[in-house]
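**Q** Please read through the structure below; I'll follow up with questions.
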Amino acid sequence: MLSAVSRFKQLSAAEGSVEAFLRGVELHDASAEAARQMLKNEGIESDITTADFLTLPPEPVHDAVIGNPPFVRYQRFTGSSRAKGLEVALAQGVRLSLLANSWAPFVVHAAQFLKPTGRLGLVLPAELLSVNYAAPVRRFLLNRFASIKLVMFEELVFPDVLEEVVLLLAEGTGQSAGFEVYQARNIADLDFQESSWTQFTPHGVDKWTSALVASESLSVYRSVLENERVNTLLDWGESYLGAVTGNNKYFTLTAQQVVDHQLSRPELLPISPPGSRHLRGLSFTQRGWSDLAKGANEWQGILKDAEYMMFHLLSYQNVLGLKIDLMNWIIQENLWNEEEQWKTLLSFLY
């Protein structure tokens, strides 16, 4: 808000009328009061509402909306706040997944407060460019605004905060084929000269991380991919990020634990341990995995399906406090089929 006041004064707006141009929204009472006091110290009587921004009905009467949305991950973005966020986004045709963090609906909702010629300026996590749950937001921005610019930083912007951020600058109404990118080392490196902006046009629903690559290099890369003599890694094999067990210490085993519990090979699924210390080359062979599995502290396998999961549960029934008759009830009710097997299992585990 102080920066906005300073900018208005630079534009020669009458100091006495600055209040008429400013409106703020803050969820936290103490922060809202602190902002009011800071503005008052500058001689400005502010209009700062203490409220959840997502609950405010949009009024498309503003020339600009600026903000730094809360970066709350989906695990903590729950309850009525999540429900309202999904609702306001869906009202604009943006269907967010349950993995969406809190900033995603904020972007969609903020755009609804702008005039057709209005401008949007937000500080957003750099995951806007890459994560799957942000794909609907990326599509929304391209469909909503006539011009989109992104400012990216090589260094962390906020002291003592590990989150990488980008500045989103969007304006006008209409569809954009792409956006412009400005890469800066840090805040002090912002000069916004026209020659410093690079145009980027995403392909379909592609992530925007390719915007970090020079356009000439990206063009060469894409032409190489189109060459029939070039294969992708997917042609040779497929990898995936693994499974979220909810309790790795329970579901993953060392070689010695496999022996102790008399588990057989069909009851186990080999996994690659977290991290990449053991991945230092172009191949990770069966021999390499076997050598790794001999380590007492390394993970060897994860139980493969519901039948083997049940066997594993029975072997640990004293730890989990489960009774044999409870397991028999699960089997009799045939709750191991399809999605219900995992839903029921996890409800008993956690």
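**Q** Testing the spin-label approximation: label points 7 Å from Cα along Cα→Cβ at Asp52 and Ala64. State their distance in nm.
**A** Using points 7 Å along Cα→Cβ, the separation is 3.0 nm.
**Q** What part of the accessible area of the stretch 181-234, given as a whole %, is carbon or sulfur when the probe is 1.4 angstrom?
**A** Whole-percent figure for carbon plus sulfur exposure: 51.
**Q** Counting other Cβ atoms within 10 Å, keep those with at most 10, restrict to DSSP loop, and tell me which GluC sites (Glu not before Pro) in the stretch 66-167 are left.
**A** Glu154
**Q** Whole-Å semi-axes of the stretch 1-144's equivalent ellipsoid, largest first, each the root of 5 times a Cα gyration tensor eigenvalue?
**A** 29, 17, 13
**Q** Taking a 28 Å limit on the Cα-Cα distance, which of the listed pairs Lys207/Lys249; Lys9/Lys115; Lys115/Lys149; Lys9/Lys207; Lys84/Lys249 fall beyond it?
**A** Among Lys207/Lys249; Lys9/Lys115; Lys115/Lys149; Lys9/Lys207; Lys84/Lys249, the Cα-Cα distance tops 28 Å for Lys207/Lys249; Lys9/Lys207; Lys84/Lys249.
**Q** Between beta-carbons, use under 12 Å as the cut-off and find the net charge around Pro125, counting Lys and Arg +1, Asp and Glu -1.
**A** Within the 12 Å Cβ shell, the charges total -2.
**Q** For labels at Lys40 and Met152 in the simple 7 Å Cα→Cβ model, what's the distance in nm?
**A** About 4.4 nm separates the two model spin labels.
**Q** When ligands, DNA and RNA are left out and all protein chains stay put, how many square angstrom of accessible area per residue does the stretch 109-260 have with a 1.4 Å probe?
**A** 61 Å²
**Q** How large is ³J(HN,Hα) for each residue in the stretch 158-168, as worked out from phi by the Karplus curve 6.51 cos²θ - 1.76 cosθ + 1.60 (θ = phi - 60°), to whole Hz, x for Gly and Pro?
**A** 9, x, 6, 10, 7, 6, 7, 10, 10, 9, 9
**Q** Pick out, in residue order, every one of the trypsin sites (Lys or Arg not before Pro) in the stretch 142-188 that is DSSP loop and has at most 10 other C-beta atoms within 10 Å; say none if there are none.
**A** Arg185
**Q** Separation between the Gln286 and Ser272 pseudo-spin-labels, each 7 Å from Cα along Cα→Cβ, expressed in nm?
**A** So the two model labels end up 1.8 nm from each other.
**Q** To the nearest 0.05, what FRET efficiency results for Arg265 and Arg222 with a Förster distance of 45 Å applied to their C-beta separation?
**A** For Arg265 and Arg222, the calculated efficiency is 0.55.
**Q** Going by amide H atoms built from the backbone, whose H comes under 5 Å of the H on Ala184, apart from near neighbours?
**A** Hits under the 5 Å cutoff: Met152, Phe153, Glu154.
**Q** Could you check how much of the accessible area of the stretch 59-111 is carbon and sulfur, as a whole percent, using a 1.4 Å probe?
**A** That share works out to 56 percent.
**Q** Quick one: which residues, 5+ away or cross-chain, put their amide H under 5 Å from the amide H of Val25? H built at 1.01 Å from N.
**A** Thr49
**Q** According to the Kirkwood expression over distinct Cα-Cα pairs, how big is the hydrodynamic radius of the stretch 59-182, in Å?
**A** Computed over the stretch 59-182, the radius equals 14.7 Å.
**Q** May I ask you to evaluate 6.51 cos²θ - 1.76 cosθ + 1.60, the Karplus curve with θ = phi - 60°, for each residue of the stretch 95-112 and list the ³J(HN,Hα) values in order in whole Hz, giving x for glycine and proline?
**A** 9, 8, 7, 6, 8, 5, 7, 5, 5, 4, x, 4, 4, 5, 5, 4, 5, 6
**Q** Okay, next question. Per residue, how much accessible area does the stretch 1-103 have with a 1.4 Å probe, in Å²?
**A** Per residue, the stretch 1-103 has 63 Å² of solvent-accessible surface.
**Q** Using R₀ = 22 Å, calculate the FRET efficiency as 1/(1 + (r/R₀)^6) where r is the Cβ-Cβ separation of Val213 and Arg139; round to 0.05.
**A** The calculated FRET efficiency here is 0.55.
**Q** Assuming 0.36 nm per residue, please report the length gained on full extension of the stretch Ser31 to Leu2 beyond their Cα-Cα distance.
**A** So the extension gain works out to 9.0 nm.
**Q** Using the beta-carbon distance between Thr117 and Arg95 and R0 = 30 Å, what value does 1/(1 + (r/R0)^6) give for FRET efficiency, to the nearest 0.05?
**A** Rounded to the nearest 0.05, the efficiency is 0.60.
The values are calculated or read from the model by the stated rules, or taken from the named source; none is laboratory data. None of the values given here were measured: they were computed from a predicted structure. Here the Cβ is made from the backbone with ideal geometry for all residues, glycine too, and neighbour counts use every protein chain on show. The accessibility values were calculated without ligands, DNA or RNA, using every heavy atom of the protein model including side chains. Shrake-Rupley method; radii C 1.70, N 1.55, O 1.52, S 1.80 Å.
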